[in-house]
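Engineer: The structure is given below, and queries will be raised subsequently.
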Amino acid sequence: MAVENGMESLEFRAEVQQLLRILSHSLYKERDIFLRELISNASDALHRVQFVMLTEQDVLDSDAELAVRITADEETNTLTISDTGIGMTREELIENLGTIAHSGAMAFLRTLEEGQKLDDIIGQFGVGFYAVFMVADEVRVTSRSYRPDAEAWTWTSSGDSTYRMGPASKATRGTSIEIQLKEDAKEFLSSWRLEQIVQAYSNYVSFPIYVEDSVANKQTALWRQSASEVDEEAYEDFYRQLTMDFDPPLLHLHISADVPVEVRSILYVPGNRETGPLRSRTDYGLKLFSRKVLIQDRNKELLPEYLRFVEGVVDSADIPLNVARETVQASRAIGHIKRALRGRLLRAFEELGEEDPERYQTFWEAWGPFLKEGVATDFAGRDDLLPLLRFSTSVSGDGLRSLADYVRDMKEGQSNIYYILGDSPQSVSRSPHLDAFRSNGWEVLYLVDPLDAFMVQSLREFEGKALSNVDDPDLDLPETGSEPESESEESAAQLGPEAFGRLISRFRSILGERVVEVRESKVLKGSPCRLVSSESGPERDMQRVRRLLEDDYEIPAKILEINRNHPLIRNLARLIQIPASDAFVDLTVEQLFENLLLLEGLHPNPVQMVSRIESLLEQAVAASVPPETPA
């Protein structure tokens, strides 16, 4: 450490030096981002001192206006950003500016090495202040802490390997950043340009931002206004500023309540989903304020986790705080707020579904999986979520149906709600399980989302109607087997007990332990066969999830049911009596079995069926060509 003219010279850490070299030589296309970062830091310092003044009496300049001031001097080519915030001591200057406070620099640099654009990551790793070196030849930071006995200090750097520290003369609380601009950065001396940047990035900062004595930002706490005073454009502007999502939100909710706790809130449902619910997302949460003082940027306790897609702000004067501004004490108030927000959101979703089904379908396609997660995990609040559920069904076409719709339209004699699990509406619509339901005109819910298998474990009934899987071995359905139109047809179609017994034995010998049992179906009509679970229970419904998650997944053995009146089955029974057809019969049985696995969404590798299908086609074509037909 060298000392010259009362200034100590200290070295940056190696990673900070590397970072400064990158920033100072960057061809960054949006250099005005530096001002956003400095204003954000100033705003944070103002929030901090505002909070300190709630709990402490002895604060330097307690009457000073909480504000940010930006001034430019064209003669000296300098730009100054100052605030009346919490200020810093010598040690805090070194910690915050000399080492990048517990340093996010290495993570920042690794991200740069991975090829992410610089303009995407400024501000993500606690390095926002250093963006100033994109426009600065030299930066001088002078700060005085809010503590009355604290001394002022100056931190100076040119963005090289060292910085200098020394005592300063500053009578007022806060921080002043004086920037000696580069020759190609003189645009930032223009008041018009500075106001433009403030309005683009910092318009809703809670404190006045003065540009040459004129306030440049709105600073309106929108959530503290009456909903009748806020127009749609203001809501959308605030949403963009809050989320940086330039598509309009699907829904907004303005909440103002005083009982049992005071709550002022604006909540938004984004218009689209970028990440699936099974992917980890850690940056969710609502901005939490107390009397317009920012307490937490991402509070995860104010909503259930399955509502983590909701964006917004919550402000309450009733939240008890610890001395550390970022810490919220566990309290009944938080519980009251959580229940209030959850209730209002679910009510708004339900109203949307009733009043605008088309818009609700858009909402459901984006956020429905999260609500399914809630059904699976929120045991106490599950009943509130059930009216929100929507499904494709065997009768819904391109639309969606609610459970209430299903129960309302149940047919005479139907006592249960039936569902089928699969990979897509297209695949389950071809399932042989639906034969009996189509014949009786009974609706079946299509559960084709991986989350459905989890959800259905908790959703066992609705309005007293039990939910039943269509492949349940104990289903009591009316017999709907094929009914020949005449006695002659019946005589020709009937597969006798002996022939059918031989066919059953042949299926068993070919499929072996892959099936628990082969038996006659009492419900199939238009399909040759189907697979039925050997037992009910959660393990059956979880098979699709296991297939997706387990590398060593094994197909569960099921019961194979055969429709003895189906033409394919009757002809297969005849073929097994012809020894020359053995290979063809074996291939056909294998293909029938794997077709069912595919329809069930359980086939681990459908590609392996291709060679068998080609072999079947080869033999079928050969059998169809008359023996003397020339090639």
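The values are calculated or read from the model by the stated rules, or taken from the named source; none is laboratory data. Keep in mind it's a predicted model, so treat the numbers as computed, not measured. Counting neighbours? That spans all protein chains shown, and the Cβs are built from the backbone with ideal geometry, glycine included.
Engineer: Which one of these does residue 297 not meet: (1) modelled with pLDDT under 85; (2) assigned to a loop (DSSP other than H, G, I, E, B)?
Structural biologist: Status for residue 297: all satisfied but (2).
Engineer: How about the range 1-49: which of its residues are assigned to a strand (DSSP E or B) and either among the hydrophobic types (A, V, I, L, M, F, W, C) or at pLDDT below 85 (or both)?
Structural biologist: 2, 3, 4, 7, 9, 10, 11, listed by residue number.
Engineer: Further, regarding this structure: Please go through the range 442-459 and give me each residue that is over 26 Å from the mean Cα position of the chain (by Cα) and either part of a strand (DSSP E or B) or modelled with pLDDT under 90 (or both), ordered by number.
Structural biologist: Matches in the range 442-459: 444 only.
Engineer: Now for a different question. Among the residues of the range 222-261, write down those that are in a loop (DSSP other than H, G, I, E, B) and surrounded by 17 or more Cβ atoms within 10 Å (Cβ to Cβ).
Structural biologist: Hits for the range 222-261 are 230, 249, 250, 261.
Engineer: Give 211, 263, 230, 205 a once-over and let me know the one that is modelled with pLDDT of 90 or more and closer than 29 Å to residue 61 by Cα.
Structural biologist: On inspection, the qualifying residue turns out to be 211.
Engineer: With the structure loaded, tell me whether residue 576 is over 19 Å from residue 602 (Cα atoms), aliphatic (A, V, I, L, M) and surrounded by 16 or more Cβ atoms within 10 Å (Cβ to Cβ) or whether it fails that test.
Structural biologist: yes
Engineer: Further question: What residue, among those in the range 60-76 that are buried (at least 17 other Cβ atoms within 10 Å of the Cβ) and in contact with a helix residue (DSSP H, G or I) (Cβ under 8 Å, 6 or more places away or on another chain), is farthest from residue 145 (Cα to Cα)?
Structural biologist: 72
Engineer: Go through the range 387-416 and give me each residue that's assigned to a helix (DSSP H, G or I), under 24 Å from residue 437 (Cα atoms) and among the hydrophobic types (A, V, I, L, M, F, W, C).
Structural biologist: 403, 404, 407
Yes or no, residue by residue, for (1) at pLDDT 90 or above; (2) aromatic (Phe, Trp, Tyr); (3) within 18 Å of residue 473 (Cα to Cα):
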{"site": "524", "(1), (2), (3)": "no, no, yes"}
{"site": "549", "(1), (2), (3)": "no, no, no"}
{"site": "555", "(1), (2), (3)": "no, no, yes"}
{"site": "560", "(1), (2), (3)": "yes, no, yes"}
{"site": "574", "(1), (2), (3)": "yes, no, no"}
{"site": "589", "(1), (2), (3)": "yes, no, no"}
{"site": "592", "(1), (2), (3)": "yes, no, no"}
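Engineer: Let me ask another. How about the range 194-207: which of its residues are surrounded by fewer than 16 Cβ atoms within 10 Å (Cβ to Cβ) and over 16 Å from residue 239 (Cα atoms)?
Structural biologist: 196
Engineer: Which one of 438, 502, 430 is assigned to a loop (DSSP other than H, G, I, E, B) and at pLDDT 85 or above?
Structural biologist: On inspection, the qualifying residue turns out to be 430.
Engineer: Within the range 116-127, identify whether any single residue is at pLDDT 80 or above and crowded, with 23+ Cβ neighbours inside 10 Å, and answer yes or no.
Structural biologist: No, that holds for no residue.
Engineer: Scan the range 153-172 residue by residue and report those that are in a loop (DSSP other than H, G, I, E, B) and either out of contact with any helix residue (DSSP H, G or I) (no Cβ under 7 Å at 6 or more places or on another chain) or modelled with pLDDT of 90 or more (or both).
Structural biologist: Within the range 153-172, 158, 160, 168, 169, 170, 171, 172 meet the criteria.
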